[in-house]
Amino acid sequence: MNGSSQRPLDILLVEDNLAHAELIKRCFKQHRAAHRVQHLVDGQQAIDYLLGVGEYADRERFPLPHCILLDLRLPKVDGLEVLRIIKTSPGIKRIPTIVLTTSATEQDVARAYAYRANSYVVKPIDFDKFATLIDDLGSYWMMWNHNP
Amino acid sequence: MRLNIAPKLGFWLSVLAILSAGVTGYYAYRETRTIVVRGEENKLLTATRVLTKRFTGVLEESAKDVRLLAGTPDVLAVVSSLERAQRVSSAQKRRVAELFIAMLKQHKEYFQIRLIGAAEHGLELVRVDRNQTGLSQAGPGLLQEKAHFPYVFRTLRLPSESVYVSEIEVNRELGRHVGHNRPAVRIATPLHGDDGVALAVVVINVELDGLMRSMGIDLPPGLQLYLTNEQGDYLIHPDVGKQFGFDLGRRYLVQDDIPQTGHLIANHQHELVLTTEGSTADQQLVAAFVRLPFGDFAKERFALLGLAAPLPEVYRETLVLRTHVVQIVLGASLLAILVSFGLSQALSKPLLQLVSAIKVFPGRPEDYQLPLKRRDEIGLLAGTILTMVEQIQHQLRLLEDSERRLNRAQETAGIGNWEVDLISGQVLWSDQQYRLLGYEPGLVTANLRNFLRAVHPVDRKRMVHEIRRITRGQEKQGYQAEHRVLLPGGAVKVVEERAEFHYAGHQQPVHLFGTTLDITRRKATEDELRYSHRQLQSEAMTRDKLIEELEAKNAELERFTYTVSHDLKSPLVTVNGFLGMLKADLEAGDRERVAEDVAYITEAAHQMGRLLDELLELSRVGRGNNLPEVLSLNAVVSQAVDLLRGAIENSDAEIIIDENLPAVLGDRNQLVEVMQNLLDNALKFTSAGSAPQIRISALEQNNEVVCCVADRGIGIDPRYHDRVFELFERLDPRIEGTGIGLALVKRIIEVQNGKVWIEHDQGNQGTRICFSLPRGPSGLPE
């Protein structure tokens, strides 16, 4: 993997499980990807951030991410609801959103795609698989080379 | 009938009879009185006439007597002595006196006979008086001169053989004779000498009272005698004071007292009969007056003779008649009453007999005690009645047959009929109606009370209401009702009543005709059908409900499984992830990182353990519930507080528990768990910088107890009030917890038939979680 060749990305991580968030962050670090990860713990925070309201009004400090990693089971506002809002709000609906979840039920997958999730990733129990996914994400942005 | 005709008839018949008897009696009495008066008048007139005749007769007799005396030798001897102017010897006088005495003895009415000489101023020669003691010749010293009296000087001028009749006058001549002061008539005749010179007079004094008395000796007693002169002056009157009033310068005239007599005096008529109805008793008279010619007829001299009977005396005769009439009337009335009564009885008795015979109706014709043998109208009536009764009975038999058929039809069909006379209130039931109401036909009176008594007690109130509605006229056409009948054996019958009003041309209904139909079997079938239907329905419902529940359970289970699989997977992901990290870190020899990785792994393992424990607890809540018991909330709260004592002391929290929290129905252990979870949350989600303050309160609402646990902590955004009760829902993942607590609370409360919610209070910070539970009975010991 050629992480250095990658442009650092702004990644918004919406994850209520702190351990999982730590895992993901470490993953990015191991691959020496200089991605800037913004971690939020519930659905409401994610919506506020993306719509730039409340404490997240300052776009300098809280820029729109290149990519969103969204857990489905979130406190306050459900991940699917957050996905629906992202994909129906002008200006942010093009941001690639990857659903990250422990649930592999067909129902959840179908719903996520129905709400136009860009990718649906079941949280891998296998560390390598997870790392590959994040790498792929970086390559994805390098390939398309465009910002939201 | 018995009370009317007979007495009425009797009464009026009696009245008629009494009236006719009374009128007849009165008329007879009146007529008799008139006849009596007429008779009395006639009698009086006759008597008066007779008296007049007698009087005239007596005067004629006296005239004869005086002439007889004048013709006697002894008197003639005295005359011849006077003629010769010789002195009349006492012997002569004595012989004349003896003659006179003999005459006086024969005629009681004569009270004095005298021989008066023309010479010596009419000196009396012989005078014989009727004294109280007897007859006596007046002695020489007592002889008087009488020439100045008309009866002397007038008689002396009369031719021989003539008779002078004096006026009726009061004898006032001296002497103790009986005629003193009494009306008298003097009858005299002259005695002539041969040369035709009147020498003496023979005078007879007739005392009129005595005369009248002697004449009227055969007249009825009590008659009053009146005698007047030509002018009407009373000469004889029952009241002596009125006699010879003119003598004393007063005049008492008969025409003043009885004006009709004026005609007699004026010579317009000869006799008069009259009845005076004066105001006083002595003026009420029946009287007869007759002109009495006397004396010198050529001069038409007369007196008026009258007889009178007092009217009461006359009527006295009729008194007996009156008494008799009254007695006869009374007797006749009594008889009339008796006869009327008898007659009315005779009339009403057969009528009553007819009535009592008709009362036997409808017995057999042989039982009728009808007076058929009578040949009068009663007999005819009886015969007619018998025919009528036979016809009626024939009709009745037809009617009975028809009724029997109707009854049989009703019995077979189970239909009874009834009617109510809405005016008299009389109620009629058919036999089947009786049976339908559980009575033997005819054994009880058909009325409202017995009807209601038969109605099943449960339906009675409704039927009373129904009947009241009808009687108040709230129904115009009729009504229909169903009710049960409690039969004497305890069996229950269901009947249907249908009734119609009949107006018969009136404004208000006068009759209510109804039928009663036994619908017990129909009802039973209906009930069975309904029951089956309901059964089917409820089975279908149960099935649907079961399906629904099953579906809900399925959905819940799915959701649960989904949630659980996700949340149980999470620690596994963590463990696996950090195991990978650990491997790399061990290879890299980064000890610090290794320790961190191990801590993550350990925490995940713990989390997993807690999750499993709490899930197990949650699964227990829904099944194997104890029966709810009455619990004191205070006891539940203090038990929970005890369990959390350590945490409370660490956080320095203040817990305020209201006194006398009400009693609730529920499971003790589970409610303690609820309270423990709520208190735990309140202690956990505190605002920074202030010690937690928790208040537990409760109030009773309807049949529920609402209990609230309020804190001054961080509060819950109203947007998430529903979410927080969901399984594994954690608003802030940074605060320790599994997200099961409130889900458990919700489940427990709902299983205990309550609800749980979060109350939003703008004014106050913090969280106020309330739950409701069924209220326990009040007044129980805490």
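Annotations
- The Cα-based radius of gyration of segment A:10-136, divided by its Kirkwood radius, gives an Rg/Rh of 0.94.
- For the protein assembly as shown, the solvent-accessible area works out to 55 Å² per residue, with a probe of 1.4 Å and every protein chain left in place.
- More than 40 Å apart - percent of Cα-Cα pairs taken over the protein assembly as shown: 74
- The mean number of Cβ atoms from other chains found within 10 Å of a Cβ in peptide B:563-570 is 5, as a whole number.
- Protection proxy ranking for B:513-519, B:500-506, using the average of other Cβ atoms within 10 Å per residue and placing the highest first: B:513-519, B:500-506.
- The amide H of B:Arg301, built 1.01 Å from its N in the peptide plane, has B:Phe294, B:Asp296 as neighbours under 5 Å, considering only residues 5 or more places off or on other chains.
- Database remark: amide H of A:Val121 closer than 5 angstrom to the amide H of A:Val99, A:Leu100, A:Thr101 (H placed geometrically; neighbours at sequence offset of 5 or more, or on other chains; Pro and chain starts carry no H).
- Carbon/sulfur fraction of accessible area - chain B, other protein chains in place, 1.4 Å, %: 55
- Of the peptides B:445-457, A:14-26, the ranking by mean beta-carbon count within 10 Å, highest at the top, reads A:14-26, B:445-457.
- Its Cα gyration tensor gives segment B:219-311 an equivalent ellipsoid, and the semi-axes of that ellipsoid, as √(5λ) in whole Å with the largest first, are 21, 16, 12.
- Pairs of alpha carbons in segment B:672-733 whose separation is greater than 20 Å (percent): 36
- Contact order normalised by residue count of chain B, Cα under 8 Å, 6+ apart, percent: 8
- B:Val23-B:Leu381 FRET efficiency (beta carbon distance; Förster radius 22 Å; 0.05 resolution): 0.05
- Inter-part distance where segment B:397-450 and segment B:745-759 are each reduced to a Cα centre, Å: 66
- Gap separating the Cα centres of segment B:28-98 and segment B:659-729, nearest whole Å: 171
- Note on B:Lys53: lysines with a C-alpha under 24 Å away, same-chain residues under 8 apart excluded, are B:Lys43, B:Lys64, B:Lys105, B:Lys108, B:Lys299.
- Between B:Arg522 and B:Ser565, the simple spin-label model (points 7 angstrom out along Cα→Cβ) gives 6.3 nm.
- Over 12 Å [Cα-Cα, segment B:56-109], rounded percent: 67
- With distances taken between every two different alpha-carbon atoms, segment B:447-524 has a Kirkwood hydrodynamic radius of 13.4 Å.
- The aspartates and glutamates within cross-link reach of B:Lys242, meaning a Cα-to-Cα straight distance under 15 Å and a gap of 8 or more places when in the same chain, are B:Glu169, B:Asp209, B:Asp233, B:Asp256, B:Asp257, B:Asp282.
- For the residues of B:653-660, the average number of beta carbons from a partner chain within 10 Å of their own beta carbon is 0.
- Other-chain or far-sequence residues with amide H under 5 Å of B:Glu704's (modelled H): B:Arg775
- Taking θ as phi - 60° and the Karplus parameters 6.51, -1.76 and 1.60, the scalar couplings of segment A:111-118 work out to 4, 4, 5, 4, 8, 6, 5, 6 Hz in sequence order, x denoting glycine and proline.
- Within the same chain, lysines fewer than 8 places from B:Lys373 are excluded, and of the rest, those with a Cα less than 25 Å from its Cα are B:Lys349, B:Lys359.
- Counted residue by residue at 0.36 nm each, then reduced by the alpha carbon distance between them, the extension gain from B:Lys108 to B:Asn650 reaches 176.7 nm.
- Value of [θ]222 nm, deg cm²/dmol, for chain B, DSSP H segments ≥ 4, -39500 (n - 2.57) each, nearest 500: -17000 deg cm²/dmol
- Neighbouring Cβ atoms from other chains, within 10 Å of the Cβ of residues in A:34-41, number 1 on average.
- Per residue, the average separation of C-alpha pairs within less than 8 Å and at least 6 apart gives segment A:7-119 a relative contact order of 26 percent.
- Site pair B:Gln537 and B:Ala346 shows an inter-label distance of 8.7 nm when each label is modelled 7 Å from Cα along Cα→Cβ.
- Segment B:Arg67-B:Asp256, extension gain: residue separation times 0.36 nm, minus the distance between their alpha carbons: 64.1 nm
- Ellipsoid equivalent to chain B - semi-axes via the Cα gyration tensor, in Å: 168, 42, 18
- For B:Ser690 and A:Arg36, the FRET efficiency from 1/(1 + (r/R0)^6), where r spans their Cβ atoms and R0 equals 35 Å, is about 0.40.
- With a simple spin-label model that places each label point 7 Å from the Cα along the Cα-to-Cβ direction, the separation between B:Glu145 and B:Arg498 comes to 15.1 nm.
- Cα convex hull, segment B:52-212: 99 Å³ per residue, rounded to a whole number.
- Theoretical FRET efficiency, 1/(1+(r/R0)^6), r = Cβ-Cβ of B:Glu549 and B:Ile735, R0 45 Å, to 0.05: 0.80
The values are calculated or read from the model by the stated rules, or taken from the named source; none is laboratory data. None of these values were measured; they are calculated from a predicted model. Heads up, the Cβs are rebuilt from the backbone with ideal geometry, glycines too, and the neighbour counts pull from every protein chain shown. Remember, those area values only see protein heavy atoms, side chains included, never the ligands or the DNA or RNA. Shrake-Rupley method; radii C 1.70, N 1.55, O 1.52, S 1.80 Å.
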